[in-house]
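Written out below as structure tokens is the structure these notes cover.
The numbers here are math on the coordinates, done by the rules we state, and not lab data. What you see is a predicted model, and the numbers here were worked out from it, not measured in a lab. Using ideal geometry, Cβ is built from the backbone for each residue, glycine included, and neighbour counts are taken over all protein chains shown.
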Amino acid sequence: MVNDLTGLMRENVAAPPPDHFDPDALVGAGRRRVRRRTALAGGTALVVAVAVVITAVSWPKSSDDAGLTGPPPAPDAPTLHLADAEQAVKGRDYRVLASYTNHNLDRDNGQYFDGVTDDGLILFRDGPRQGRSHPRFALMDPATGTKDWLPDLNIGQTQTFPVDLGTDRLVLLTPGGGGAGGALVAYVFDREARTWSKLMWPGLPAVDFPHAVMGTDGRLYVSVPASQGQPPAGGFPIGSGGEVDDADAAGDTNHLWSVSLTDTSDVQDEGLTVGSVAFTDTSMVWTDSTNGDAGTIHVRDLATGAEHSFDPRSGPRCNLLSFGATDDRVVLGQYCGTYAGGVRDDRVQILTTDGDQVVTFQGSGIDGGLAGTSGTGDLVSVVSQENDRVGTYVYEPATGRFLRLSHGVSKFGLGGPTSAGMVMWHTPVNHGRGATQWLGRLIP
């Protein structure tokens, strides 16, 4: 729990995105983020306040051993394990486009790569940190390191999440409505006019946390909580290692709304109840629920409106933790239970939008999804914290290449949206107190 508590404390003080901390899930069942191995970097101003919240959490009841006997079951799909990856060679398999090191994030917040714009610039964030009460942003040329500092955005220690890094505008969302009583808040930077604007939508229902994705029509699609899966009577079992096993949990659902980024009176109820949502260039894809059993996957053709659905055959105990789609591929990150000896059944499942199984990555203590933290990009990254397999791995759906990029992963949750062919990863420095961020591109 040490890393998890550290991460939650840091997230509440403008930590780098985007592990997407969900306070309702934490308080309701200790779910999802209890299993995340990464902590988010940030300052320490609100440590005391967060500690109070954490001590108020009522954790599930413990059993002597939550593990099931035997090894995890094999997925109903072609399967790869971390041992199947080839060690990537710099200059042969990938190029490093840029890197940045913060030597001691335990002591203070730092400077980060928050994502990559559609025209290949890095959104670079500085702070907030000691001596800087609010963040400042720059667009950084990865080839030269030159930073074009943007006009000041004085938002205090409010955390921001990039949801659109286009050639014309940058769109950053804030959690908890930025203190606006649950109202969604976006800060939009017009790259031509070089001005910031603050957007709020009076007709949009309140949201505790901004779960939203950009649609191909330029609208922002917002998930408004509808129902939350509840733990069984007595709580989920806890294994001897202290980890909650909530495999086969009931999922959460949301009402889907969309808003215009040019007219705050333009708010639409899309009339859908969804779990997780993603867009490709030609389709909208969603699940029945999230943070639990995903249920059915639905695909809507954006040109014709035709829809079809399929059972992903993820397994009877799999909870959906991450979701993304690109081209004709759907990517699901899942936790499917803890077995004998504390071995976790973690999976990253890739299917076609027609429901055909492509490949499933299975391991103990892995996380993964589309490279780029908001489900963007066209590569799949897999992060492992387990023993001799620790590191970041990347899979290229178009070719089937599976590469190991690093032999270490920092404890800080760093990264952001990426462009096609790119992947971000981070490695520890200074005995784990800091981290180096890397931005790379696979070589064809």
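A few comments on the model shown:
- Our estimate of slack between Glu270 and Asn104, defined as 0.36 nm per intervening residue step minus the Cα-Cα distance, is 55.3 nm.
- Gyration tensor over alpha-carbon atoms, the range 273-316, equivalent ellipsoid semi-axes in Å: 20, 11, 8
- With each label modelled as a point 7 angstrom along the Cα→C-beta vector, the Ala420-Asp208 pair spans 3.9 nm.
- Peptides ranked, highest mean first, by Cβ atoms within 10 Å: ranges 293-303, 434-444, 358-368: 358-368, 434-444, 293-303
- Dimensions of the range 202-252 based on its C-alpha atoms, expressed as ranges along the principal axes with the largest first, amount to 48, 21, 16 Å.
- Oblate is the label for the range 198-316, because the ratio a/c of its alpha-carbon gyration tensor axes (a ≥ b ≥ c) is 1.5 or higher and a/b is not greater than b/c.
- Separation of the Val89 and Thr399 label points, Cα + 7 Å toward Cβ, nm: 1.3 nm
- Working from label points 7 Å from Cα in the Cα-to-Cβ sense, the Asn430 to Leu153 distance is 2.6 nm.
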